[in-house]
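Take a look at the structure below.
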Amino acid sequence: MGCGMGKTQLQLKKCDRVSISVPAATAIRAALLIQRWYRQYAARLEMRRRCTWKIFQSIEYAGEQDQIKLYTFFGFLMDHFTPASSERNLISHIFRKNEFCHDTEWERYFCYKSIEVTDSYTGPHLTFPMTFCGVSKLVEAFKHKQQLHAQYVLQLLGETWRLLRIFPNISQISAYHNKQITICGDLHGQLEDLLLIFYKNGLPSSEKPYVFNGDFVDRGKNSLEILLILFGFLLVYPNDVHLNRGNHEDHIVNLRYGFTKEVLGKYRVHGKKILKLLQKIFSWLPLATVIDNKVLIVHGGISDKTDLDAIARVDRHKYGSALTPPKPTKHAVNGSKTQTINNREACGPVEGRRRVCSLTYCSSGPAHRHDLPRRSLHNAHVSSQFNWSLEKELKKRRRMAGFDQSYGELRKSDSDSDPESGETTETDVGEWKQIVDVLWSDPMAQNGCIPNEVRGGGCYWGPDVTEEVLGRHNLQLLIRSHECKQDGYEFCHNRRVLTIFSASNYYEVGSNRGAYIRMGPDLVPHFIQYQASRTCRELTLRQSVGWTERSALRALREQLFVHKSDLISAFQEFDPNNKGMISLRHWASATERVLNLGLPWRLLRPQHVSSTQCGMVDYQQWIRELSITEPKQEISDNSILETMYKNHSNLETIFRIIDTDHSELRFLNFYNKSLITFEEFRQTWKLLSSHLQTEISDKAIADLAQSIDFNKDGVIDINEFMEAFRLVDISAHT
C-alpha cells in the first residue's frame, strides 16, 4: 500500500549492493598488496644501500689504520735505532721539527722573486695585497682548469703563513642581525663541490662569512686549487673567513692519500718547496671556531678530557703532524729510572689488518661499540714479544729488515740518541692529546669515552660526554665533520652534535649528497643539500643504489683478491679432508677473520658466491672466479707479488717518503718523475718487510727491480711502477 517496495525490487537492490562491494574489496586488497610489495622493495633497496655504505666506510677506515700502523713502526725505528743507521736515515726527515724557525731564513728559502713568469704563461696574474677581484679571477681560472704560476703560489702561501701566525687557536665570531654564517664540512679536493657552494650561496665577503671545517685536501684531484682559493679569500677577509684544521691537514697523511703526489705532479720544479711551506701553514691553522659563545665547531670532535681553555693555550705550530706524539721524559718506577716507551712503541708493528691503539688512548679493558668493526693488536704473539728485552727486540727487527750494521748500545735517554729531540714535559703530551682528540674523534651512541680503535686516533665519545663538555663551557651545540654522511649532515646525541660533510659523491657517483649550513642570530642550523654531478642528479634511486653498489663490490673484490692466499689457508682449517667445500657459516667466519672489515658476509654472499650446494661453498672455485686479474710480471718469487698487491698503499707511501727527501738532484734533472735508485728500492722493500714481519729475499727484490726498469737506466719511476701493478677488474670491462 502507498510507497512500499515489492519483494522483487528489494532483492534487486541487494544484488546491486553486492555487485558494487565486490570490486571495492578487490581494489582494497590489491592496494594492500601493492603497498606491501613497495615496502618490501624499499626495504631491500635500503638494505643494499646500507651494505654498500658499510663496505665503503670499512675499507676507508682500514686504510687509515694501515697508515697509522706504518707510521707507528717508523716511530719505533726512530726511537730505538741509532741516528747513523741507514733505515732510520731514510725516514728521519718526516719526524723533524719544522725547519727554518727564523723568519729571515724562511723568507730566503721560499723566495718567489727569483722565479720568472714567462710570456708564455696564460694563467691568472695575481697582485698583492690580494683583492676580491683578484680572488674572483682565481676562482674563474680554476673553473676553466687553468694553473696558477709557481711564483704566485709561493707568494700567496707566504702571505697566508704570515697572517695565520697572528690568529688564535680558537676563532671567535658572531652572527649579526642581518648576516648568516655559512659552515662547510670536508671538501677533500673536490673543487666541483666548492664551486657549487659558491654558486648557490655566494662568494665569501664581509656580508657573507664562512667557516670551512678542515679536510680541504687529499683524495680529490684539486686539493691545491681549493687551498689557494680559500687562502685567497682569507687574505681579503681575515675577519670573515675562518679555516679550521682537519686531520688531513697533515704532511704524513698526505703521503698516502694523494695530496703530496698532486702537488709534485702539478709543480715539477717547485713542488717540494710548496709542500714544505704548506706543512708549515697546516701547523698554524686554528683548531676550532666558536659562534656567539654558544656553538663550537671542530673538525673531529671531543673527548672526556677536552678543555677549550687548554686548547686556547696550545702552541699549535709545534705539531706539524698530529700523528707524532711528543717523546715522554724519564720517570721513576720502583725507585729506579726507566725509559717511558711512548704510544708508538706500545702499539708496535704487527701483522695483518688489526685494531691499532688509539694515538691518545690506551684501552684498560674491553670496550664495546657494536656497530663498528673491532680490531685488536694485542694478541698473544705481540704480548710475548714485549716480554723480551728491548735489545732482543731490536736485534730481531734489524735481522728481519736485512741490516747488519751495529746498532750500538741503547742510550739512557731518547734525547741522547736522537739529536733532533728535546726535553718533553707532561704539558706537551697533554697538549698533543687535546689536538689529536679534536682532529680525529667520532661520536658513538653509547655513553662513555673509549679509544677510537677503528681509525687509530682520538676517541669515540658518547652523549654523556657531550652533555658534560658542552655544559662545562656553556655551549649549546657542537658542529663537526670528519665523517661522510649520506644526506650530507646528521644529528646525534639528542641533537647536541651535528655532523656536516660537503664532499658529494665521496665514495662514488651517487653515494652521498653534500651539504652546508646557514646559521643566523638564532643559531638554528638550516641545511642546503646538493650533488655536484649532473649524471647523478639524473639517476633514479634504484639506479643510484645500483651504481654505487657495483663500485663497492668491485672494491671489496679487490680486497678479497689480494688476501686470497690467507683466505685459502683460513678455509682449509674448516676443510681437514681437503674436499674444497665448507659451510656458508664457516665461509663467512673465515672471510671476516682474514679481512676484519666487520661486514655482514652472509648477506653479501649472493654478490660474491655464485652458487652453493646444500648450504656448502666450493671455496676453490670461488677463489678462481674472483673477477680480478693481475698484470703479468716475470718475477721468480710470487710471494713478492702478493705482498705488493696487499700493501700497495703502504709501499707507495714509503716510496714517497724516500723520494721527498733523497732525490732532490734527480728531481731537478728528471723533472720530477719520482725516480728512485735500485738501492733505495731495496731499502724500501726491506722496510716494508720488516713492518709486515715477513721475509723477502734480495734476489726477489732484484728481480722485481729489473723487471720494471724498462729502459734499463738503473732507476725506477714510482708512478709507472704503481701503474704496472694496478689490479684490473675484469667485470668492469665486459
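The values are calculated or read from the model by the stated rules, or taken from the named source; none is laboratory data. Since this is a predicted model, take the numbers as computed values, not measurements. So basically every Cβ, Gly included, is an ideal-geometry build from the backbone, and we count neighbours across all protein chains shown. In case anyone asks, the SASA skips ligands and DNA or RNA and just uses the protein heavy atoms, side chains included. Shrake-Rupley method; radii C 1.70, N 1.55, O 1.52, S 1.80 Å.
Scanning region 101-160 for residues that are at pLDDT below 90 and either closer than 21 Å to L194 by Cβ or small (G, A, S) (or both) returns a single hit, S114. All of L275, L255, L323, L264 fail the test of being assigned to a helix (DSSP H, G or I), farther than 27 Å from H144 by Cα and at pLDDT below 95, apart from L255. Considering region 141-190 alone, what residues qualify as being part of a helix (DSSP H, G or I), among the hydrophobic types (A, V, I, L, M, F, W, C) and surrounded by fewer than 16 Cβ atoms within 10 Å (Cβ to Cβ)? The one that is part of a helix (DSSP H, G or I), among the hydrophobic types (A, V, I, L, M, F, W, C) and surrounded by fewer than 16 Cβ atoms within 10 Å (Cβ to Cβ): L163. Please determine, by comparing only the residues of region 225-262 that are among the aliphatic types (A, V, I, L, M) and within 17 Å of the chain's Cα centre (by Cα), which one is most open to solvent (accessible area, probe 1.4 Å). Restricting to residues being among the aliphatic types (A, V, I, L, M) and within 17 Å of the chain's Cα centre (by Cα), the top hit is L255. Taking V545 as the residue in question, decide whether it is modelled with pLDDT under 95, aliphatic (A, V, I, L, M) and within 21 Å of the chain's Cα centre (by Cα). In short, no.
Every residue, every condition in (1) farther than 15 Å from W432 by Cα; (2) open to solvent by less than 10 Å² (accessible area, probe 1.4 Å), yes or no:
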residue: Q279; (1), (2): yes, no
residue: P286; (1), (2): no, yes
residue: T289; (1), (2): yes, yes
residue: G300; (1), (2): no, yes
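Cβ separations smaller than 6 Å between residues 6+ apart or across chains give the following pairs from region 25-45 residues that are assigned to a helix (DSSP H, G or I) to residues that are surrounded by 10 or more Cβ atoms within 10 Å (Cβ to Cβ): L45/V545. Residue check: A532 meets all listed conditions (1) in a loop (DSSP other than H, G, I, E, B); (2) more than 30 Å from I183 (Cβ to Cβ) but one, namely (2). A Cβ distance below 7 Å, combined with a sequence gap of six or more or placement on separate chains, defines the contacts here; from region 255-270, residues that are touching a residue at least 24 places away in the same chain (Cβ under 8 Å) and farther than 23 Å from Y112 by Cβ reach residues that are open to solvent by 40 Å² or more (accessible area, probe 1.4 Å) and among the charged types (D, E, K, R) in the pairs Y257/R219; G258/R219. For region 460-482, a residue qualifies if it is assigned to a loop (DSSP other than H, G, I, E, B) and open to solvent by 20 Å² or more (accessible area, probe 1.4 Å), and the qualifying residues are H473, N474, Q476. Applying the condition of being among the charged types (D, E, K, R) and modelled with pLDDT under 95 to region 486-508 and asking which residue is most open to solvent (accessible area, probe 1.4 Å) yields D487.
The residue that is modelled with the lowest pLDDT, among those in region 562-604 that are of a type in the set (G, A, S) and closer than 23 Å to R550 by Cα, is G598.
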